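Here's the structure, in structure tokens; my notes come after.
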Amino acid sequence: MEQEQKSVDYHLRPAEPTELDAQGIAGAYNSVYEDYPFVAFTDPEMVQEEVIPGGDSDNFVVEVDGGQVVDGREIPEDTVVGTGSVKYHRDGHEAEFGGIVLDPEFQEMDGAPFYQDLVDQRVETARESGADRYVTHPVSSVHAKTQHGHAKKGAVPEGVSINKYPEVFQGEGRETVVPMVYPDGNFQYTDGDSREVYVTDETAGLVDNVLSGVNSERDETLARDLEVGPEDVDVDGYSVTEKVYDDEVGRMASFQVVPGGSKSMDEAMNAIDEAVDDDDVRWVGVEFDANDESAWEVSQALSERDFTPERYSPEAINYGDDVSDAMGYQFHKDGTGEIQLIDSAKEALEATGTEFDDRGQGPVPGVQNVSVS
């Protein structure tokens, strides 16, 4: 007997600072995350006053229409059941697709492709924003659904951030995220306008993997020449910026190390060493300029501290009057449980040189189960 196709009437729209939207957004976060530490997203009043009017983001909601019956359940009134956002960084140069949060009771409704609709809306918004890079960081759980959603739109994994959010997204693979970039961004260095990327044997494969994925989707390819080192370099000094240091809520820290400052290499590493030694910090990330020969010295210093490659992000750093590729390294103090990666994300993890256990085919085609010790 042929099964009847079920469907639900809903629409996607910009979030408004109303009680309906605030209650729905807070309700979605509370239904997905237990004891979510960022209360601005779980308290309806704070959502209405702080999150929805955010000047550096565009927020969207999924509203299910009232007056219908789905799967035997009556929906008497309009109900906001989920949300997604576009966040702007680096003075608008980068548009990030924030995490999609959907009430589990609604997201499984047959005929309601909430995830893909939110992905599509946010991609369209980013492309119209004038940003140069479009990026996202989907989690490694829920059948890698959001990874799939962005991959369908062409996004390419830049690496894998292992246990980057050990406290915020505790449980079920939400700690590990996959940084992905859209190939159709407004990249500056293409075709004949080439740049050097200073790599080591540890990072050459990752750079090649990302560039191959991005360039396969572009007419004007990103032009990069790989210079393999390390070699002795003369760097006048480094500047160290603490991007995030959250040892109470996020339990993670991240830094940017670039040439042009007054610190020696050892001095630049001091703040990073302190974060690694902080028992309350479980993940430490460092990004640096991959287009400057100082990348050899920084990557060597990080490798000596047991950091491993995390990601290669084309044209992700703005400092001075130019834009540079970012190389990211990470130090994670905890292993993962079983996480789920789409095939291209698993290939990116392999390209970082990270050792992992292959747990075989995932719950849906195109997804692999892996774990990292």
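We did not get these values from a lab; they are worked out from the coordinates using the rules stated. For clarity, every value in this text was computed on a predicted model and none was experimentally measured. Here the Cβ is made from the backbone with ideal geometry for all residues, glycine too, and neighbour counts use every protein chain on show.
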Once the Cα atoms of helix 19-32 and of the chain are each reduced to a long axis, what angle between those two axes, in degrees from 0 to 90 to the nearest 10, is obtained?
70
Where in region 276-297 does the amide nitrogen come within less than 17 Å of the point 7 Å from the Cα of Arg305, taken along Cα to Cβ?
276-290, 294-297
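What's the extension gain from Thr200 to Glu19 if we count 0.36 nm per residue and subtract their Cα-Cα distance? Numbers along the way, then the final one.
Values: separation 181, 0.36 × 181 = 65.16 nm, distance 5.34 nm.
Result: 59.8 nm gained on full extension.
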How long are the three semi-axes of the equivalent ellipsoid for region 125-276, computed from the Cα gyration tensor as the root of 5 times each eigenvalue, in whole Å, largest first?
27, 26, 14
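Classify region 1-160 as rounded, prolate or oblate, taking a ≥ b ≥ c as the square roots of the eigenvalues of its Cα gyration tensor: rounded when a/c is under 1.5, otherwise prolate if a/b is larger than b/c and oblate if not. Don't skip to the end; give the middle numbers.
Working: a/c = 1.79, a/b = 1.26, b/c = 1.42.
Oblate.
Once you sort the root eigenvalues of the Cα gyration tensor of region 76-123 as a ≥ b ≥ c, which label holds: rounded (a/c under 1.5), prolate (a/b larger than b/c) or oblate (the other case)? If you can, show how the numbers build up before the last one.
On the way: a/c = 3.19, a/b = 2.40, b/c = 1.33.
Prolate, because a/c is 1.5 or more and a/b exceeds b/c.
Output the direction-averaged projected area (hull surface divided by four) of the convex hull of the alpha-carbon atoms of region 296-365, in nm². Kindly include the intermediate steps, with their values, before the conclusion.
On the way: hull surface 25.5 nm².
One quarter of the hull surface, i.e. the mean projection, equals 6.4 nm².
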Mind counting lysine pairs for me in the chain? Cα separation below 26 Å, and the two need to be 8 or more apart along the chain or on different chains.
21
By how many degrees, 0 to 90 and rounded to 10, does the Cα axis of helix 204-215 deviate from the longest principal axis of the chain?
50
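Full extension from Val233 to Asp279: what is 0.36 nm times the residue separation minus their Cα-Cα distance, to one decimal in nm? Each step should come with its number before you reach the end.
On the way: separation 46, 0.36 × 46 = 16.56 nm, distance 3.38 nm.
Using 0.36 nm per residue and subtracting the Cα-Cα distance, I get 13.2 nm.
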Give the angle, between 0 and 90 degrees and rounded to the nearest 10, that separates the Cα long axis of helix 265-277 from the longest principal axis of the Cα atoms of the chain.
40
Could you give the semi-axes, largest first, of the ellipsoid that matches the chain, computed as the square roots of 5 times the alpha carbon gyration tensor eigenvalues and rounded to whole Å?
37, 22, 21
Gaussian network model of the chain, Cα springs within a sub-10 Å range: biggest mean-square fluctuation belongs to which of Gln23, Gln340, Gln147?
Gln23
Rounded to the nearest 0.05, FRET efficiency between Lys333 and Arg359 (Cβ-Cβ, R0 22 Å) equals 0.50
